[in-house]
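Okay, so here's the structure we're looking at.
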Amino acid sequence: MSIEKEINSIREKFSEDLGRVVTSKDLEELKVRYLGKKGSVSALMISLKDAEDAQKPILGKSINLLKNEIALAIHELMEKINSAELDQKLQKEKIDVTLPGKRRRLGRLHPVSQMLYKVVDVLIDMGFSVQLGPDVDSDFYNFEALNFPKDHPARDMQDTFYITHDLLLRTQTSNVQVRVMEKNPLPIRMVAPGRCFRNETVSARSHIFFHQIEGIYIDKNVTFADLLATLDELWRRLFEKEIKTRYRPSYFPFVEPGIEADILCTQCHGGGCRLCKFSGWLEVIGAGMIHPEVLKAGGIDPEQYQGYAFGLGIERLTLLRYGISDIRRFTENDNRFLAQF
Ligand code: DAH
């Protein structure tokens, strides 16, 4: 075929092919096929070398003309397709801003966390600082340093999850006491909130994990009266009213003397119910004067310094505050329950 014929045939073929283009991708492919390095127009240019010399400029011009026609046609169609595709996209992604939105429900703190923060806030207001201890701890800090020797029967009061012979899940936030004594200058007045674990049967009143807040105050001339005054003030601020309490002597190896405080059961108001084991009272705190052996374990001279300590059960306090009768509610993750707080 002569070059001239070839030019015309390509021109015709192109306009046919162009008519079949639908998407911008089709058009890109078409462009490569005609104008690319190995496209039909370049092939024409190459074949020019076989033409007669006199014909070369004329044919060259014709090929260039074809090339420009094709380029222009492709460009025009490209603009059309692009704007159509954009329209389509905009149509598809159109947002009706007049539609009412979906209401997002706000999350909230778990009631136990709310109570924990509240108690910590009150205690901070009363001059305590906050320190944290580890959930997984050594037998030393959880027991031994707190005056529970290895075979002491008091260890039976706290059913312990042991990880190794020496490592355990702390049974009490009291594990921070000696750590804090070791690390801080005197006087010390701090609280330590945290999670505790005990290998107990889960019931309405006890769970295998729960939260406590430990408090200690160590200084010269700290007395038992300071402890009672602090606790009374704590109840007043926490419940925002006078709460009926009673203090009983009790035993914890790391305090002497030791006490427990009960609050009049908020569920039955003393009448007796399942929550208070029909006693009318709920135990919320253990406390006492820090045992000299514990001060010594923390490197403090008991001849010069005294201190008090207390440990509060947060779940129990939350039950009391809201009149909830079963501690298991807290871990069931039932939104109907949790959304009430
Ligand atoms: N750690 C004790 C418990 O879990 C509670 C306790 C009692 C803490 C007396 C104290 C304390 O700091 O002085 O049963």
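Using alpha-carbon positions, what is the distance between the centroids of region 13-83 and region 205-272, in Å?
Answer, in whole Å: 92.
Taking all pairs of distinct Cα atoms, average 1/r, flip it, and tell me the Kirkwood hydrodynamic radius of the chain in Å to one decimal place.
26.7 Å
Amide H of residue 250: which non-local residues (sequence gap of 5 or more, or other chain) have their own amide H closer than 5 Å, using H built in the peptide plane?
The list, which skips near neighbours in sequence, is 258, 259, 260.
For region 292-301, what does the Karplus curve 6.51 cos²θ - 1.76 cosθ + 1.60, with θ = phi - 60°, yield as ³J(HN,Hα) per residue in whole Hz, taken in order and with x for Gly and Pro?
Karplus values, whole Hz, x for Gly and Pro: x, 5, 6, 4, 4, 4, x, x, 10, 7.
Quick one: which of 5/49; 25/94; 25/80; 37/80; 25/67 span more than 18 angstrom between C-alpha atoms?
25/94; 37/80; 25/67
Any idea what the alpha-carbon Rg over 2.2 N^0.38 Å comes to for region 59-186?
Relative to the rule-of-thumb radius for its length, region 59-186 sits at 2.66.
On full extension of the chain, what length is gained from residue 184 through residue 58, given 0.36 nm per residue of separation minus the C-alpha to C-alpha distance?
Stretched fully, the residue 184-residue 58 segment lengthens by 35.5 nm.
By the gyration tensor of its Cα atoms, with a ≥ b ≥ c the square roots of the eigenvalues, what is the shape of region 1-109: rounded for a/c under 1.5, prolate for a/b over b/c, or oblate?
Since a/c reaches 1.5 and a/b is larger than b/c, the shape of region 1-109 is classed as prolate.
Sort by residue number and report every cysteine in the chain with no other cysteine beta carbon within a distance under 4.7 Å.
So, 196.
May I ask for the angle, rounded to the nearest 10°, between helix 111-125 and the longest principal axis of the chain, with both axes built from Cα atoms and the value confined to 0 to 90°?
60 degrees
Counting other C-beta atoms within 10 Å, and keeping those with at most 12, which DSSP coil GluC sites (Glu not before Pro) do you find in region 27-112?
Those that pass, being in a loop and sparsely packed, are 52, 93.
So what's the angle, to the nearest 10 degrees on a 0 to 90 scale, between helix 24-35 and the longest Cα principal axis of the chain?
It works out to around 40 degrees.
Where the only charges are on Cβ atoms (+1 Lys, Arg; -1 Asp, Glu), what is the dipole of the chain about its Cα centre, to the nearest 20 debye?
The dipole magnitude comes to about 1120 debye.
So between residue 209 and residue 65, what do we pick up on full extension, going 0.36 nm a residue minus the alpha carbon distance?
43.3 nm
Placing +1 on the Cβ of each Lys and Arg and -1 on the Cβ of each Asp and Glu in the chain, which of 81, 331, 215 has its Cα farthest towards the positive end of the resulting dipole?
Highest projection toward the positive end goes to 81.
So what J values fall out for region 3-18 if you push phi through Karplus, 6.51 cos²θ - 1.76 cosθ + 1.60 with θ = phi - 60°, rounded to Hz, Gly and Pro as x?
Working through the residues one at a time gives 4, 4, 4, 4, 4, 5, 5, 5, 4, 5, 4, 4, 5, 5, 4, 4 Hz.
I need two numbers for region 245-341: Rg to one decimal and Dmax as a whole number, Cα atoms only, in Å.
17.3, 55
Lysine pairs in region 111-338 with alpha-carbon atoms under 22 Å apart, 8 or more places apart or on different chains: how many are there?
Step by step, the pairs that qualify in region 111-338 add up to 7.
Grab the DSSP H runs of the chain that are 4 residues or longer, score each as -39,500 (n - 2.57), total them, divide by all residues and round the 222 nm result to the nearest 500 deg cm²/dmol.
-12500 deg cm²/dmol
Would you mind checking which residues have amide H under 5 Å from residue 129's amide H? H placed 1.01 Å from N; only 5 or more apart, or other chain.
Result for residue 129 returns 189, 190, 191.
Hey, can you find the accessible area per residue of the chain for me, probe 1.4 Å, expressed in square angstrom?
Counting only protein heavy atoms, the per-residue value for the chain is 57 Å².
In degrees from 0 to 90, rounded to the nearest 10, what is the angle of the helix 224-239 Cα long axis to the longest principal axis of the chain?
Approximately 50 degrees, to the nearest ten.
Out of the total accessible area of region 3-92 (probe 1.4 Å, heavy atoms of protein only), what percent is carbon and sulfur?
The nonpolar share, carbon plus sulfur, comes to 55 percent.
Which residues does the label zone of residue 325 cover in region 186-208, counting backbone N under 14 Å from a point 7 Å along Cα→Cβ?
Inside the label zone: 204-205.
Note down the nm distance, to one decimal, between modelled labels 7 Å out along Cα→Cβ at residue 273 and at residue 225.
In this crude label model, residue 273 to residue 225 measures out at 3.8 nm.
Ignoring ligands, DNA and RNA, please state the percent of accessible area on region 111-338 from carbon and sulfur, probe 1.4 Å.
Reported share for carbon and sulfur atoms: 50 percent.
Kirkwood hydrodynamic radius, computed over distinct alpha-carbon pairs, for region 122-171: how many Å, to one decimal?
12.3 Å
The values are calculated or read from the model by the stated rules, or taken from the named source; none is laboratory data. What you see is a predicted model, and the numbers here were worked out from it, not measured in a lab. FYI the Cβ positions are ideal-geometry reconstructions off the backbone, even for glycines, and counts take in every protein chain you see. For the accessible areas, the whole protein counts, side chains as well, though only heavy atoms, and no ligand, DNA or RNA atoms are used. Shrake-Rupley method; radii C 1.70, N 1.55, O 1.52, S 1.80 Å.
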